[in-house]
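Every read-out reported here was derived from the displayed coordinates using simple, explicitly stated rules and does not represent laboratory data. Values in this document were obtained by computation on a predicted structure and should not be read as measured data. Quick reminder, even Gly has a Cβ in these numbers, built from the backbone with ideal geometry, and neighbours come from all protein chains shown.
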Amino acid sequence: MLSLLIMMKIFPTQSVKKLDAYTIEHEPVAEIDLMERASLALAEEICSRFSAEVPFVVFAGPGNNGGDALAVARLMAERGYRLSVYLFNVKGALSPCCQTNRNRLSQLSGVEFHEVTSQFAPPALTAQHVVIDGLFGSGLNKPLAGGFASVVRYVNASPAYVIAIDVPSGLMGEDNTYNTMAQVMNAHLTLTLQFPKLAFLLPENAQKVGEWKVLDIGLHPQGIEQTPTPYALTEPAEVRGLLKPRARFAHKGDFGRALLIAGKLGMAGASILAARACLRSGVGLLTVHVPQCNNPMLQTAVPEAMTQIDIHPDHFAEAPLTDAYNAVGVGPGLGKHEDTRAALLELLDHCQIPMVLDADALNILEADRKAMKQIGSIITPHPGEMDRLVGRSQSSYLRLQKARELAREAQVCIVLKGAYTAVIDTIGQCWFNPTGNPGMATGGSGDVLTGILTALLAQGIKAIDAARLGVYIHGLAADLAAADLGEVSLTAHDIIDYLPAAFRG
């Protein structure tokens, strides 16, 4: 049974602060005890990964992130770990929780403790050292500068392994467009508290964040449920699936009729990949609209599909009637001939059923965003195609905001492809997808996704659910394939071959 998709909320950093306060008030729990709970989760995770023989160096800032680091150092020391701790207190003003944990740590023997108030003599860092980064958390709103930036650059230049508490120091929780990335800590592992940060899911921050893991610190569930956020991470759960159950006496007509419009001369493979993926995703009947030049190949490679021959022998030039279908997918390998552009605009003008627009269909619409408006439709741009639709963006964060704006304006669901593909609904709500791997960076992967999404729409699944489910299954099939075949050798055909296993869950 395929599991239903639920979400882990991703909150802006200001909302996380409010959730901390809500937990403190409504649990109730003292702030220092909540910090101790978080620090215990951090210490247990670190100790599970490293033995007590490993030398640790802890860098703690003056705020609560530093307080976490000091508490982690104390808890690890009590377990027999060797630590050198540097608390940066250059202004003589520690947060109350940081001060409390400073006092607790200073009373513990066996810890090499340094409080830096002016000059800092950096310790030697070798490849054997592990650095725990607790300088600054996610509340920064400007780039690091001065001495703290120097500390970050020093650690980044060392061969030490770096563990960041909550976020790498210097990284902002959401928008890093104007950040000075050379002055952000390069973490190998980021142990983030309760929720992932939006910045973790954006490609330009990957080198800074490294591997990341969410640690549950028990923030109040009612506060989490009641606090809105436009971002979430889709997660699998052991509940009923989004796919409709198949009745014993069901027939092919019950699972939708799909139409794929794909492939020009030299691009028959795109239509074959999309068609095979569509059929593997449960559609009842599939028709593929192709130019005459591609018909023999499609009929041979995908005998389960019917074909509809275009009036032009080499490319899409005639908008077909769509009344007999439940969903249309258009774009893979289509080309951008002027005939194709005219036929696509005509199709969009008269089509009254859900559509998936991908690849060349989006490139054709680059100058005509209004033509995208279609109730129940999905568009699937990669970052370059999105930039052509909405204008070039300085960062992935700004591109995401433009995509959310376009989804609201055009009333379409957007699948912004990439690692952690973002699925955006018509009010701008955004779900990030956790499945998939770099092996999918190969020709034809997008054509496979178009086929999957078209099949799900044809089966009557609403656009946003089809988009979230389809992207998840697409990535899961690739993960299953990569586990057997490796990422380097992965092809689009492999993703299709592993769709049955992905749908089984």
Out of Leu140, Ser169, Leu345, whose Cα points farthest toward the positive end of the dipole of the chain (charges: +1 Lys, Arg; -1 Asp, Glu; placed on Cβ)? Leu140
Roughly how many nanometres apart are two label points built 7 Å out from the Cα toward the Cβ at Asp216 and Arg388? 4.5 nm
Extension gain Glu115-Thr300, at 0.36 nm per residue separation less the Cα-Cα distance, in nm? 59.2 nm
Links exceeding 26 Å between C-alpha atoms in this model, out of Lys264/Lys402; Lys17/Lys142; Lys9/Lys462; Lys213/Lys244; Lys9/Lys402, come to Lys264/Lys402; Lys213/Lys244
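For the range 1-112, what is the charge dipole size about the Cα centre, in debye to the nearest 20, if Lys and Arg each add +1 at the Cβ and Asp and Glu each add -1 at the Cβ? Don't skip to the end; give the middle numbers.
Values: 11 positive and 12 negative charges, 53 e Å.
Taking the Cα centre of the range 1-112 as origin, the dipole is about 260 debye.
When Rg is the radius of gyration of the Cα atoms in the range 186-233 and Rh is its Kirkwood radius, what does Rg/Rh come to?
Values: Rg = 12.3 Å, Rh = 12.0 Å.
The Rg/Rh ratio comes out at 1.03.
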More than 20 Å apart: what percent of Cα pairs in the range 26-228 qualify? 53 percent
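Given just the C-alpha atoms of the chain, how large is their convex hull per residue in cubic angstrom? It would help to have the intermediate numbers written out before the result.
Values: hull volume 78.0 nm³, N = 505.
In the chain, the Cα convex hull volume per residue is 155 Å³.
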So for the chain, averaging the separation of alpha carbon pairs under 8 Å that are six or more residues apart and normalising by length, what relative contact order in percent results? 13 percent
Taking the Cα centre as origin and putting +1 on Lys and Arg beta-carbons and -1 on Asp and Glu beta-carbons, what dipole magnitude results for the chain, to the nearest 20 debye? 340 debye
Please state, rounded to one decimal and in Å, the Kirkwood hydrodynamic radius that the range 338-488 gives when every pair of distinct Cα atoms enters the mean of 1/r. 15.6 Å
Can you find, among Pro221, Phe113, Gln99, the residue farthest towards the positive end of the dipole of the range 26-228? Put +1 on the C-beta of Lys and Arg, -1 on that of Asp and Glu. Phe113
Asp254 paired with Glu204, simple spin-label distance in nm, labels 7 Å along Cα-to-beta-carbon: 5.1 nm
Given unit charges at Cβ for Lys, Arg (+) and Asp, Glu (-), the dipole magnitude of the range 26-228 about its Cα centre in debye, nearest 20, is 540 debye
Using only the alpha-carbon atoms, how far is helix 268-280 inclined from the longest principal axis of the chain? Give it as 0 to 90 degrees, nearest 10. 80 degrees
If you find the alpha carbon centre of the range 85-100 and of the range 144-174, how far apart are they in angstrom? 18 Å
Name the residue from Ala501, Pro383, Thr192 whose Cα lies farthest towards the positive end of the charge dipole of the chain, charges +1 on Cβ of Lys and Arg and -1 on Cβ of Asp and Glu. Thr192
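Which whole-number percent gives the relative contact order of the range 362-494, counting Cα pairs below 8 Å spaced six or more residues apart?
Numbers: 206 pairs, mean separation 28.8, N = 133.
Reported relative contact order: 22 percent.
Relative to the compact globular guide of 2.2 N^0.38 Å, what is the alpha carbon radius of gyration of the range 408-505, as a ratio?
Details: Rg = 13.2 Å, N = 98, 2.2 N^0.38 = 12.6 Å.
In units of the 2.2 N^0.38 Å rule of thumb, it is 1.05.
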So what is the orientation-averaged projected area of the range 311-412, using the convex hull of its C-alpha atoms, in nm²? 6.3 nm²
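For the range 266-342, what does the relative contact order come out to in percent, with C-alpha contacts under 8 Å and a separation of six or more?
Numbers: 89 pairs, mean separation 23.3, N = 77.
Across the range 266-342, relative contact order equals 30 percent.
Please arrange Lys91, Lys417, Lys336 by how many other C-beta atoms lie within 10 Å of their C-beta, fewest to most. Don't skip to the answer; put the middle values down first.
Numbers: Lys91 8, Lys417 23, Lys336 14.
So the residues, fewest neighbours to most, are Lys91, Lys336, Lys417.
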Going by how many other beta carbons lie within 10 Å of each one, how would you line up Met297, Met185, fewest first? Met297, Met185
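Counting DSSP beta bridges in the chain, what percent are antiparallel, to the nearest 5?
Working: 12 of 63 bridges.
Expressed as a percentage, antiparallel bridges in the chain total about 20.
Between Asp349 and Lys91, what length in nm is gained on full extension when 0.36 nm per residue of separation is reduced by their alpha carbon distance?
Result for the pair: 86.4 nm of gain on full extension.
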Ranked by how many other beta carbons lie within 10 Å on average, peptides 321-334, 63-76 from highest: 63-76, 321-334
Under 5 Å between amide hydrogens, which residues at least 5 positions from Lys417 or on another chain qualify, with H placed 1.01 Å from N in the peptide plane? His382
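Mind sorting Val209, Val58 by how few other Cβ atoms lie within 10 Å of their own Cβ, fewest first?
Working: Val209 25, Val58 29.
Sorted ascending by nearby Cβ count, the order is Val209, Val58.
Between Ala145 and Arg79, what's the calculated FRET efficiency when r is the beta-carbon distance and R0 is 30 Å? Round to 0.05. Let's see the in-between values first.
Values: r = 36 Å, r/R0 = 1.20.
Calculated value: 0.25.
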Taking the Cα centre of each part, how many Å lie between the range 404-456 and the range 309-356? 21 Å
What shape does the range 149-205 take by its C-alpha gyration tensor, where a ≥ b ≥ c are the square roots of the eigenvalues and a/c under 1.5 counts as rounded, a/b above b/c as prolate, and the rest as oblate? oblate
